[in-house]
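Reviewing the structure listed below.
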Amino acid sequence: MVRFKISFFSVLLCFSSTTLIAKQPISSTYVFCANKNNNIYWRWAVDEKNEYVTIKGYWEKVLENDLASSLRSDHANYKYLFDFNRNTFVFVTSYSEYYRTKKYCNKDEFMQPADSSFSDWYGFELANSH
């Protein structure tokens, strides 16, 4: 069950049409890669120069009702899967930034944002380009 919770949330890509609490200034965070088959294994993403990979964007707090509306109806009981935490955040980034960074994780890994090794498990939100 834990593996499902982590895997499902990490691939959850909310879109900016959802209502979220006030946007923050552009910043960056680190990226880690979590193994799809073994939720205990994760590693920091590193680039060709063996430097930690960062991604540009900003953190936003997700409201419970907005997360529900962003999911397809067949996942409507998400809060029972996630034990919804009222302090859930997503890291908002552009499609181009997300796909630029994704190449540093293997195909059997999920990419996730984190400020430190003590961060909780969060997902990305891909901002619609205007």
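Take the residues in the stretch 109-130 that are under 12 Å from residue 97 (Cα atoms) and among the hydrophobic types (A, V, I, L, M, F, W, C), then tell me which one is nearest to the chain's Cα centre (by Cα).
Checking each candidate, the answer is 124.
Confirm whether residue 50 is among the polar types (S, T, N, Q), part of a loop (DSSP other than H, G, I, E, B) and at pLDDT 95 or above.
In short, yes.
The values are calculated or read from the model by the stated rules, or taken from the named source; none is laboratory data. Keep in mind it's a predicted model, so treat the numbers as computed, not measured.
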